[in-house]
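Notes follow the structure.
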Amino acid sequence: MRIYRYRLVAYVVLPTHIHCIIKPKNVDDYSKIVKSFKYSFTKNVGLVKPTYNKLWQDRFWEHTIRNETDLNRHLDYIHYNPVKHNLVKASKDWSYSSFCDFVKNGMYDEDWCNWDDKYKIMELNFE
């Protein structure tokens, strides 16, 4: 963030991948931001350079958020991911995401997407 100006809107860090929504000041910096993010994350968790290449894929998937509905779908997908991958039974139980920040800001109910609420989850069409 110090080198490339952007805002991290939402994120989830999982054992095998990450999802995030960023808002770059300059759209042309998007690839540089992703590369910088991967490098900084690797460095901050104490991994050495050779591990960097094994930890991250060379590619990433980029999507431009088109409208508020699109943003909300992607926010839901990000925050649902730990439940989807059977890491926790509720989004609130995964501490490596922005979900709790969204709860504090009133954007989600704390019990949103609880695994026990199967009907609610079935209504979420992410794929």
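The values are calculated or read from the model by the stated rules, or taken from the named source; none is laboratory data. Not measured: the values here are computed from a predicted model. Ligands, DNA and RNA are excluded from the accessible area calculation, which covers all protein heavy atoms including side chains. Shrake-Rupley method; radii C 1.70, N 1.55, O 1.52, S 1.80 Å.
Among Trp61, Trp112, what's the order by accessible area (1.4 angstrom probe), most exposed first? Spell out each step's value before the answer.
Values: Trp61 185, Trp112 25 Å².
Descending order: Trp61, Trp112.
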| task | Would you tell me the accessible area of Asp109, worked out with a 1.4 angstrom probe on the heavy atoms of the protein chains, in Å² to the nearest 10? | result | 100
